[in-house]
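Read the figures in this text as sums done on the coordinates, not as results from a lab. All figures in this text were calculated on a predicted structure; none of them were measured in a lab. When we count neighbours, we look across all protein chains shown, and the Cβ atoms used for this are built from the backbone with ideal geometry, even at glycine.
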Amino acid sequence: MQIESLKVFCDLAETESFTKAAQINSVTQSAVSQQISALERAFKSLLIERSKKKFRLTREGQVLYEYSKQIIQTYESLHSKLQELKDIISGTIRVATIYSIGLHDLPPYVKRFMKSYPTVNIHVEYRRANQVYDDVFSNVVDLGLVAYPVKDPKLEIIPLRKEPLVLICHPQHPFAKQKSIKLKSLAGQKIIGFEPDIPTRKALDKILREYGVEIKHVMEFDNVETVKRAVEIDAGISIVPQGTITQEINKNTLAAVQIEDGEFYRPLAAIYKKNKVLSPAMKQFLGILKEAA
């Protein structure tokens, strides 16, 4: 029995998916099944209830899971400590990020990190916000990058920077001639928004309610890139993070207008699972991200 088998078992227990457990450990689903069977033979115990309805550990499986977590955490701490003693920074960092951060905020930091630590591989996946949290909880990734981080006892949250929110419109829109506008001016306008479950949309809805502004969305999308494209063809106006429109402003395909009512920001954060052992590479990468704050 090898420690890798215990890790595969823990990943399976936490993701409740043979597919995800295989993905995390870079093996086939068949290999996951074989390792679980080998553990069952070694401990002479049934570890997983074979049911099509729902994944569930047996009592013996739950005990093995709890002890295996401790073993793996100790092993990872040992490995990390030895790397630090040898001043080794290598390996792979798996990151899940929402689209806007991944496309506009993350690239310069990845470039800077890779220049300093060329032996580290950074694997980035673009996901919806809820999927980022799922991937972090199930150990599919090491780090998540989100906006408006949600507090959870199972999460460590590292605040990054706050990004201003601005109104955007077509350069020929009447608002484009103004330096700033009040939120009440949005009433009666065609609004391009994010889908209702997107954190930025929830935050904007809350702001508008507080200022007593009622609006109607004519289009809703799940990412800022599509929102911008709709505004570029003058289908409506929108409120987006300022850092996501630099290219469009430079090309004059969009106009940005400040909001008079106050300074509104989108907080960004890195998240990882509580009690996760951070490798030297992950510590250095988080350090670079925190410098931006």
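List of remarks:
- For segment 233-285, the C-alpha radius of gyration sits at 1.81 times the compact-globule guess of 2.2 N^0.38 Å, with N the residue count.
- Residue 235/residue 41 FRET efficiency (R0 51 Å; Cβ-Cβ; nearest 0.05): 0.25
- Within-10-Å neighbourhood charge of residue 140 [Cβ basis; K, R +1; D, E -1]: -3
- The radius of gyration of the Cα set in the chain, together with its Dmax, comes out at 23.2, 76 angstrom.
- Zero-based 10 Å bins, Cα pair distances in segment 92-250, whole percents: 9, 35, 32, 17, 6, 0
- Here's the picture: charge each Lys and Arg Cβ at +1 and each Asp and Glu Cβ at -1 in segment 3-85, and of 85, 70, 17 the one pushed furthest to the positive end of that dipole is 17.
- Cα gyration tensor shape of segment 23-77, rounded if a/c is under 1.5, else prolate or oblate by comparing a/b with b/c: oblate
- Segment 104-173 and segment 205-251 have their alpha-carbon centroids 20 Å apart.
- Sparse-neighbourhood loop sites, trypsin sites (Lys or Arg not before Pro) in segment 197-293 - DSSP loop, at most 16 other Cβ within 10 angstrom: 274, 276
- Sparsely packed GluC sites (Glu not before Pro) within segment 37-102, loop by DSSP, other Cβ within 10 Å at most 14: 49
- Distance violations [Cα-Cα > 18 Å] among 179/206; 53/273; 69/274; 111/276: 179/206; 53/273; 111/276
- Charged-residue dipole, Cβ positions (Lys, Arg, Asp, Glu), the chain about Cα centre, Debye nearest 20: 200 debye
- If the chain linking residue 176 and residue 79 were pulled fully straight, counting 0.36 nm for each residue of separation and taking away their Cα-Cα distance, it would gain 29.3 nm.
- Net charge dipole, segment 162-266: roughly 260 debye, given to the nearest 20, about the Cα centre with Cβ charges of +1 for Lys and Arg and -1 for Asp and Glu.
- Farthest toward positive dipole pole in the chain [+1 Lys/Arg, -1 Asp/Glu at C-beta], among 32, 185, 129: 32
- Convex hull projection area averaged over all views, segment 162-266, Cα basis, nm²: 5.8 nm²
- Beta bridges per DSSP with both ends in the chain, % antiparallel, nearest 5: 55 percent
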